[in-house]
Amino acid sequence: LTATLQAAVRSNADAQTDPVQMLFRLNALLFRNTSPEEFATLFYGVVDMEEGTLRYANAGHDFPLVVNGDGARELGNSGIVLGCLEEFDYGDDICAIPDGGVVAVYTDGVTDCESDEGEAYGSDRLKRVLEANVSGSARSICQAVVRDVQGFGDSRSVDDLTLVVLKHRG
């Protein structure tokens, strides 16, 4: 499923800069080519480097975070996961990426990581680590989050720890 989705995104990304249309195509592909029990979450965004904006659509993925010196906020607009319904009208949104700010997109492996006591890492802890490191480079922010998650969790509870950080230097 992941390989199919990756190939579909790559084959459509150059021609498709409209996040809603991309999710519409991917949803139709997964619905036609997978069993009813299979689905995928996906966040698809297009960055306008000149404007410092992100146009995005979300198909059931954990809410990405926009972080700057004022704190972190979720990009809360989302539709259902891909592959469940034959057709779904996904919506898109546009957010400004503040100068010096970041957009962090992550998998649930980050927030679901559990400590030895069974406590989840959670989105509040992720926000605090991002806020504390927002002045660093995208690479250093990623490294800080990964170190914190690994230090917090039981290595057996780490699922798919994936994090993408986009830093805007306007």
Fraction of accessible area attributable to carbon and sulfur, the chain (%, probe 1.4 Å)
46 percent
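List the DSSP H helices in the chain whose Cα atoms stretch 18 Å or more along the helix axis and whose mean Kyte-Doolittle hydropathy is at least -1.0.
On the way: long enough: 19-33 (21 Å, 0.51); 138-152 (21 Å, 0.35).
The answer, listed by residue number, is 19-33, 138-152.
State in Å² the accessible area per residue of region 15-161; use a 1.4 Å probe, count heavy atoms of protein chains only, and round to the nearest integer. Intermediate results must be reported in sequence, preceding the final value.
Numbers: 7600 Å² over 147 residues.
Accessible surface, normalised per residue, equals 52 Å².
Dividing the alpha-carbon radius of gyration of region 54-135 by 2.2 N^0.38 Å (N being the number of residues), what value is obtained? Can you show the working numbers first?
Details: Rg = 14.6 Å, N = 82, 2.2 N^0.38 = 11.7 Å.
Taking N as the residue count of region 54-135, the ratio is 1.24.
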What is the Cα coordinate range of region 1-51 on the first, second and third principal axes, sorted by size from largest, in whole angstrom?
42, 16, 15
Just order 55-67, 140-152 by mean Cβ neighbour count inside 10 Å, highest at the front, would you?
55-67, 140-152
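Give me the dipole magnitude in Debye, nearest 20, for the chain about the Cα centre, with unit charges on the beta carbon: positive for Lys and Arg, negative for Asp and Glu. Don't jump to the answer; show the numbers that get you there.
On the way: 13 positive and 28 negative charges, 119 e Å.
Using only the charged Cβ atoms, the result is roughly 580 debye.
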How many nm is it between the label spots at GLU86 and SER137, if each spot is 7 Å from the Cα in line with the beta carbon?
5.1 nm
Cα-projected label distance for ASP93 with LEU166, points at 7 Å along beta-carbon direction, nm
1.5 nm
Restricting to Cα pairs under 8 Å and 6 or more apart, the percent relative contact order of region 19-97 works out to 39 percent
In terms of the charge dipole of region 70-144, which places +1 on Lys and Arg and -1 on Asp and Glu at the beta carbon, the residue among LEU126, SER140, ALA72 farthest towards the positive end is SER140
Whole-number D in µm² s⁻¹ for region 92-170, Kirkwood Cα-pair radius fed into Stokes-Einstein, 10 °C, 1.306 mPa s:
122 µm²/s
For region 1-90, treating each Cα as an identical point scatterer without solvent, what Debye log10 I(q)/I(0) comes out at q = 0.11 1/Å?
-0.33
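The values are calculated or read from the model by the stated rules, or taken from the named source; none is laboratory data. Just so it is clear, the model here is predicted, and its values are computed rather than measured. FYI the Cβ positions are ideal-geometry reconstructions off the backbone, even for glycines, and counts take in every protein chain you see. Note: areas computed on protein heavy atoms with side chains; ligands, DNA, RNA excluded. Shrake-Rupley method; radii C 1.70, N 1.55, O 1.52, S 1.80 Å.
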